[in-house]
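Quick note: the coordinates plus some simple rules give every number you see, no bench work behind them. What you see is a predicted model; the values in this text were computed from it and never measured. Don't worry about glycine lacking a Cβ; one is built from the backbone with ideal geometry, like all the others, and counts go over all protein chains shown.
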Amino acid sequence: MASPKKYLIGGNWKCNGTKESNDTLVKIFNEAGAIPSLAEVVVAPVALHIGSVAASIRPDFNVACQNIGLNEKAGAFTGEVSAAQVADFGLQWAITGHSERRTLNGETDENVATKTKLAIEAGLKAIACIGEQLDDRKSGNTLPVLVQQLSAIGQQLSAEQWNSVVIAYEPVWAIGTGEVATPEQVQEAHAAIRKWVSENVSSDVASAIRIIYGGSVKGSNCNDLVKLEDVDGFLVGGASLKEDFINIIKSVPEN
């Protein structure tokens, strides 16, 4: 019998943290006791602090890079870090296409797809983020937006490479706003994403792929969301910088 699929709980620390605050946070996590056996935890500090966090955090927490460059190899790309360098450093995960990268840095769907492909080709696993703006939600355009973003990734990946992808559905209007998509909205979007993967990649990949939710997730709302049929974990922003992140991790069912 195949092992049950683990829930991925990701903490995106964004541009937050000092050496002192990171040490305090890591100490809280390290002393938090056992986590559910079906929980896989990944935290993504700011790039400057990846090394120190990776060296001090508990061994059952992985560390990710929040972004990688569009460059395949090392070279004259000032300010960039390539996927190959991330892998060489010993990390296993990278986040691609977060909405803040799309909106603040102008990353296109094609950029996100390329970064996702580069991450996988370097031996990393990618948390590829997709999600609609508020205007898209209000106009009933959510699904076309998600399909457009997924299709760009699909055009660059083989079916086998999808095995290294986690899809993070993050409605942009719910990120850092305190607004959370209703359980019905989350399940509808996740089911649509899984259907797209089934129809455009394969039914096996659709069954195995983890689709996680992000958007003002915290300890007070995660227990209802984690029970949804097509929710396989969370990508957490602000709450991942607090002790509450442990409550989110422990919302994962034991079986």
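You can think of it this way: the chain between Q156 and V46 has 36.8 nm of extra reach, that is 0.36 nm per residue less the Cα-Cα gap.
Shown is the FRET efficiency for R58 and E229, computed with R0 = 25 Å from the Cβ-Cβ distance and rounded to the nearest 0.05: 0.25.
DSSP assigns beta bridges within the range 7-249; of those with both partners inside it, close to 0 percent run antiparallel. The Cα trace of the range 83-140 gives Rg and Dmax of 13.3, 44 Å, the first to one decimal, the second as a whole number.
Remark: the range 178-229 is approximated by an ellipsoid whose semi-axes, taken from the C-alpha gyration tensor as √(5λ), come to 24, 10, 8 Å, largest first. I want the local charge near V172. Using Cβ-Cβ distances under 11 Å, sum +1 for each Lys or Arg and -1 for each Asp or Glu among the other residues. It works out to a net charge of -4. One decimal place: the segment C15-T78 gains 20.8 nm when fully extended, by the rule 0.36 nm per residue minus the C-alpha distance. The value obtained for the range 7-249, namely the Cα convex hull volume divided by the number of residues, is 118 Å³ per residue. Relative contact order of the chain: 21 percent, from C-alpha pairs under 8 Å at least 6 residues apart in sequence.
In the calculated pair-distance distribution of the range 153-246, the portion above 22 angstrom amounts to 30 percent of the Cα-Cα pairs. Remark: the Cα gyration tensor places the range 116-202 in the prolate category, a/c being 1.5 or greater and a/b exceeding b/c.
Peptides 196-208, 168-180 ranked from most to least packed, by the mean per-residue count of other Cβ atoms within 10 Å: 168-180, 196-208. Test of understanding: what is the full-extension gain from I28 to L143, defined as 0.36 nm times their sequence separation minus their Cα-Cα distance? Between I28 and L143, full extension yields an extra 37.5 nm. Among residues other than F29 with Cβ under 15 Å from its Cβ, the summed charge is -2 (Lys and Arg +1, Asp and Glu -1).
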